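A.B. asks: One structure follows; several queries about it will come next.
The values are calculated or read from the model by the stated rules, or taken from the named source; none is laboratory data. Bear in mind that the values here come from a model prediction, so they are computed numbers and not experimental data. Note that each Cβ is placed from the backbone with ideal geometry, even for glycine, and that neighbours are counted across all protein chains shown. Just the protein is used for accessible areas: all its heavy atoms, side chains included, with ligands, DNA and RNA removed. Shrake-Rupley method; radii C 1.70, N 1.55, O 1.52, S 1.80 Å.
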Amino acid sequence: MEFLGWDQLEAGAVIPSFEDKNSDIVKLKQEERNYAKTNSYTASVADWRVFKPVFNKDVCIDCQNCWVFCPDTAIVARDKDMLGIDYDHCKGCGICAEVCPTNPKSLIMFFENDDNDTALSQWPEKKKKEK
Amino acid sequence: MSKIIKNLKQFSTSNDRFEGAHLLCPGCAHSIIVRELLNCTDDNLVIANATGCLEVCTAVYPHTSWDASWIHIGFENAATAASGAEAMYKTLKRKGRLKEPDKPVKFIAFGGDGATYDIGFQFLSGAVERGHDFTYVCLDNEVYANTGGQRSSSTPRGASTTTTPAGRVSYGKKRYKKDMVAIMAAHGAPYVAQVAPNKWKDMVKKYQKALSTEGPVYINAMSACTTEWKFPADQTIDVSDLGTDSLVFPLYEIENGHKLTITYRPRNIVPVRDYLGVQGRFKHLFKKENQHIIDEMQKAVNEKWELLQRREEAGI
Ligand SMILES: Cc1ncc(C[n+]2csc(CCOP(=O)(O)OP(=O)(O)O)c2C)c(N)n1
Ligand code: SF4
Ligand code: SF4
Ligand code: SF4
Ligand SMILES: [Mg+2]
């Protein structure tokens, strides 16, 4: 798709979020929506990351703390389950790992270039409470 | 009818209308606040956004991050745009010219503290006095963040900003933070409240109340700014917790200009210095010659908390 230059746009121009006119967007999950190319959902900020969160499903209790506090709509929660991270939109801020309450954590920050399977194989053990 | 949100699991079934790949800093609280607000309702939304980090970073041409009608407007006139849209909507409805007249629509305005406390102040005051049915949300990060960190009338005393730099001759800003919640309550607005993103349940409750209130509503949202408050990006929620638990940002609401209710009482109140200590903008206050500013701030926080409690008790 070609875009007009900023100096070719007229004042009052509209940027569409979707390809179709649907006034019930709130009822559709992201994967059911027909996003326009002008919706930032179609873009990626993956190259902002230095660290990335890796998700370990085995420890997760689906509390959704990570979902509510992610600033980048990058935690994929469906039907009350935490499914994982949307690596196109995650900026690697580390908030999700910080607010995750499990022991050991279900989200841990690793270097962007680390392999996820290797990261999962090195998952820390449950920490004993310090007295 | 308002959406039922009993717990976080249920809240997480919301279909987001604020998309990722906006260009706000990693860890920015503005977007956490916006997501909590948009996800608390299924109604259609018309949103006006004053210039500031939120507007600039969520509409970088050719992209928009908004899955709702969203108006990109000047620095000073988010309240004007929202009230104009609301007035037009009412007129079209009266004339029978709406395509879906039974669908509920809510009008929202977002502004930073610069846009709200300073530059858009008279426009907000006017819109509230005219009684438009809209909710104004101030994303209060206590600084003009988008232009590089200049002080606003929301910046607290003692904070170092680019226009009130701390150094050999100064401890930072000398003037006090404006009490915007009290000012908006004094307009007689039916609902005014202070919220913080770390207390999501309190926030959702207040947002739902705000959207179902007929008439103008003002919400002051504490928005911890990793860049200008100077803390690591993963600490946004922790810093916010210190903000609410030190009572620097007490959570309360005021109905019909007078009835005050405290909505969050920290189990363990933490000292103000703990909140200051995690932020680079207050680092200089820990020097020996500036310690009296911290003591002064603690005293002011105690007095304000006392006042809020007395007002709540009085129930008048
Ligand atoms: C009339 C006018 N003056 C100045 C500016 C430049 N400007 C753009 S954003 C901004 C700061 C916004 O601060 P605030 O409202 O606190 O929002 P924040 O970026 O902190 O979220 C300024 C000064 C402008 N756009 N319009
Ligand atoms: S690292 Fe930050 S952006 Fe990425 S998923 Fe976690 S909270 Fe969201
Ligand atoms: S915060 Fe941790 S435990 Fe809770 S849903 Fe997210 S990953 Fe799972
Ligand atoms: S400067 Fe502050 S308010 Fe602006 S995008 Fe960055 S963290 Fe958010
Ligand atoms: Mg600001």
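A.B. asks: If you check B:Leu37 against the conditions, is it more than 7 Å from chain A (Cβ to nearest Cβ) and open to solvent by less than 10 Å² (accessible area, probe 1.4 Å)? Spell out how you get there, then give the answer.
C.D. replies: Values: more than 7 Å from chain A (Cβ to nearest Cβ): yes; open to solvent by less than 10 Å² (accessible area, probe 1.4 Å): yes.
In short, yes.
A.B. asks: Oh, and also: If we only count strands (runs of 3 or more DSSP E) wholly inside region B:176-260, which ones have 3 or more residues that are surrounded by 23 or more Cβ atoms within 10 Å (Cβ to Cβ) and in contact with a Pro (Cβ under 8 Å, 6 or more places away or on another chain)?
C.D. replies: Numbers: elements: B:191-195, B:217-222, B:252-255.
Fully inside region B:176-260 and qualifying: B:217-222.
A.B. asks: Still on this structure: Taking region B:272-292, which residues are open to solvent by 30 Å² or more (accessible area, probe 1.4 Å) and more than 20 Å from B:Ser223 (Cα to Cα)?
C.D. replies: B:Phe286, B:Lys287, B:Lys288, B:Glu289, B:Gln291, B:His292
A.B. asks: Of all residues in region A:28-41, count the ones that are within 7 Å of chain B (Cβ to nearest Cβ) and more than 30 Å from A:Ala119 (Cβ to Cβ).
C.D. replies: 3
A.B. asks: Turning to a different aspect of this structure: Out of the residues in region A:6-23 that are facing another protein chain (nearest Cβ under 9 Å) and in a loop (DSSP other than H, G, I, E, B), which is least open to solvent (accessible area, probe 1.4 Å)?
C.D. replies: The first filter runs over region A:6-23 and keeps only residues facing another protein chain (nearest Cβ under 9 Å), leaving A:6, A:9, A:15-18, A:23.
Pick out the ones that are also in a loop (DSSP other than H, G, I, E, B) and you get A:9, A:15-17, A:23.
On the way: A:Leu9: 69, A:Ile15: 66, A:Pro16: 66, A:Ser17: 19, A:Ser23: 45 Å².
Of everything passing the filter in region A:6-23, A:Ser17 is least open to solvent (accessible area, probe 1.4 Å).
A.B. asks: Name the residues in region B:1-60 that are away from ligand 5 (no atom under 16 Å from the Cβ), over 18 Å from A:Phe69 (Cβ atoms) and outside any loop (DSSP other than H, G, I, E, B), would you?
C.D. replies: Answer for region B:1-60, where residues must be away from ligand 5 (no atom under 16 Å from the Cβ), over 18 Å from A:Phe69 (Cβ atoms) and outside any loop (DSSP other than H, G, I, E, B): B:Asn44, B:Leu45, B:Val46, B:Ile47, B:Ala48.
A.B. asks: A further question on this structure: Just for region B:34-63: of the residues that are out of contact with any Phe, Trp or Tyr (no Cβ under 9 Å at 6 or more places or on another chain) and among the β-branched types (Val, Ile, Thr), which one is nearest to A:Glu10 (Cα to Cα)?
C.D. replies: For region B:34-63, the residue satisfying everything is B:Val60.
A.B. asks: May I pose another question? Could you say which residue among B:Thr64, B:Thr116, B:Thr91, B:Thr80 is within 16 Å of ligand 5 (Cβ to nearest atom) and either of a type outside the set (Lys, Arg) or at pLDDT below 95 (or both)? Spell out how you get there, then give the answer.
C.D. replies: On the way: B:Thr64 fails: within 16 Å of ligand 5 (Cβ to nearest atom); B:Thr91 fails: within 16 Å of ligand 5 (Cβ to nearest atom); B:Thr80 fails: within 16 Å of ligand 5 (Cβ to nearest atom).
It is B:Thr116.
A.B. asks: When you scan region B:85-117, how many residues do you find that are assigned to a helix (DSSP H, G or I) and buried (at least 17 other Cβ atoms within 10 Å of the Cβ)? Walk me through it before giving the result.
C.D. replies: Taking region B:85-117 as the starting set, the residues that turn out to be assigned to a helix (DSSP H, G or I) are B:85-94, B:113-117.
Within this subset, residues satisfying the condition of being buried (at least 17 other Cβ atoms within 10 Å of the Cβ) are B:85-86, B:113-117.
Residues flagged as assigned to a helix (DSSP H, G or I) and buried (at least 17 other Cβ atoms within 10 Å of the Cβ) within region B:85-117 amount to 7.
A.B. asks: Of the residues A:Val68, A:Val59, which is away from ligand 1 (no atom under 16 Å from the Cβ), touching a helix residue (DSSP H, G or I) at 6+ places or on another chain (Cβ under 7 Å) and at pLDDT 95 or above?
C.D. replies: Working: A:Val59 fails: touching a helix residue (DSSP H, G or I) at 6+ places or on another chain (Cβ under 7 Å).
It is A:Val68.
A.B. asks: Filter region A:73-122 down to residues that are in contact (Cβ under 8 Å) with a residue 24 or more places away in the chain and either touching a Leu at 6+ places or on another chain (Cβ under 7 Å) or assigned by TED's automatic domain parsing to the domain that holds A:Lys27 (or both) and give me whichever is surrounded by the fewest Cβ atoms within 10 Å (Cβ to Cβ).
C.D. replies: A:Ala97
A.B. asks: When B:Ser153 is evaluated against the numbered criteria (1) free of Cβ contacts under 8 Å to residues at least 24 places away in the same chain; (2) among the hydroxyl-bearing types (Ser, Thr, Tyr); (3) not in a helix (DSSP H, G or I), which criterion, by number, is the only one it fails?
C.D. replies: Condition not satisfied by B:Ser153: (1).
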